[in-house]
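Presented below is the structure to which this report refers.
The values are calculated or read from the model by the stated rules, or taken from the named source; none is laboratory data. Since the model is a prediction, treat every value here as computed from it, not as a measurement. Neighbour counts run over all protein chains shown; Cβ positions are idealised from the backbone, glycine included. Remember, those area values only see protein heavy atoms, side chains included, never the ligands or the DNA or RNA. Shrake-Rupley method; radii C 1.70, N 1.55, O 1.52, S 1.80 Å.
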Amino acid sequence: MPSIKHSAKRRKKLNDMVKTKTRAILFDLDGVLVDAPQWHREAFDEALKFVGAAPLTDIEHEKTFNGLSTKRKLEILANDGRVDRTQISRIEELKRGFTTDLIVNNCKPFKRIRDVVFWLYSHNFKTGVVTNCSLQSCHLMLKLSGLIGCWHTCITNEDVDGFIKPHPAPYNMAVRETSYFPELALAIDDSHHGIESARAARIGKIWHLENFSDLTLKNMKARLEG
């Protein structure tokens, strides 16, 4: 019969294991599940040109605008005097239309991504999408990617009252609906705004996906074991 001291140590070890075991996998959408960042940029630039405004430079896109919502991008440009505030609604409408066209024409399933998502779902991980996209764009991309029906939560820019990434609100909400504790979650994001959001939400593990092709089942298992 084990001693009381030994049993207490064993219970503590088991409790520690439970507390540190990843239970929720939270995916960014653009650049992680769908190769979409360039579509959003093309649509945004096209909308800007349509109203006579200058498109973003490559440096601006990478350092400041990549991963932000259309509304936030336009706020920045309006504050800099590059976009007339009276044109913002028109630009948003144009961008939505251009984005939808690009999604419909380009979005397709990737077997390696489906393998990752369905493996996680079938192994009882809580899975979530955390994106600055609109609900409409998010659902359209998931549908065309063959990824509908395998999520425990989907957080879009319409769920967080404007507190989009890099604010921690999107990941905080996803944690509440999946693992309850941020230290039990793994966030996968490709933009520095997303990484900042995950860190601010105190996510236990963060995978900065530098290349769209790096999301594979082999790499996912390695991250979970590490």
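A few remarks follow.
- Within the stretch 149-200, the set of residues being among the aliphatic types (A, V, I, L, M) and over 14 Å from the mean Cα position of the chain (by Cα) comprises Leu184, Ala200.
- Going through (1) surrounded by fewer than 19 Cβ atoms within 10 Å (Cβ to Cβ); (2) under 23 Å from Ile203 (Cβ atoms); (3) not small (Gly, Ala, Ser) one by one, Asp28 falls short only on (1).
- Note on the stretch 101-117: residues that are among the aliphatic types (A, V, I, L, M) and under 22 Å from Ala24 (Cβ atoms) amount to 3.
- Of the residues in the stretch 123-146, at least one is of a type in the set (Ser, Thr, Tyr), closer than 18 Å to Trp207 by Cβ and in contact with a Cys (Cβ under 7 Å, 6 or more places away or on another chain).
- Residue identified as modelled with pLDDT under 95, in contact with a strand residue (DSSP E or B) (Cβ under 9 Å, 6 or more places away or on another chain) and of a type outside the set (Val, Ile, Thr) among His192, His152: His192
- Applying a threshold of 6 Å to beta carbon distances and a minimum spacing of six or more residues, or different chains, the list of pairs starting in the stretch 209-223 at a residue that is farther than 15 Å from Ala187 by Cβ and part of a helix (DSSP H, G or I) and ending at one that is at pLDDT 95 or above and open to solvent by 50 Å² or more (accessible area, probe 1.4 Å) reads Leu217/Asp115; Leu217/Trp119.
- Some residue of the stretch 47-65 being charged (D, E, K, R), modelled with pLDDT under 95 and within 20 Å of Asn157 (Cβ to Cβ): no
- Across the stretch 48-103, the qualifying residues are those that are more than 20 Å from Val130 (Cα to Cα) and of a type in the set (Phe, Trp, Tyr), and the one among them that is most open to solvent (accessible area, probe 1.4 Å) is Phe50.
- Every pair of residues 6+ apart whose Cβ atoms lie under 7 Å, when the first sits in the stretch 70-85 and is over 14 Å from Arg41 (Cα atoms) and without any contact (Cβ under 8 Å) to a residue 60 or more places away in the chain while the second is of a type outside the set (Lys, Arg) and loosely packed, with under 14 Cβ neighbours inside 10 Å: Arg82/Ala54
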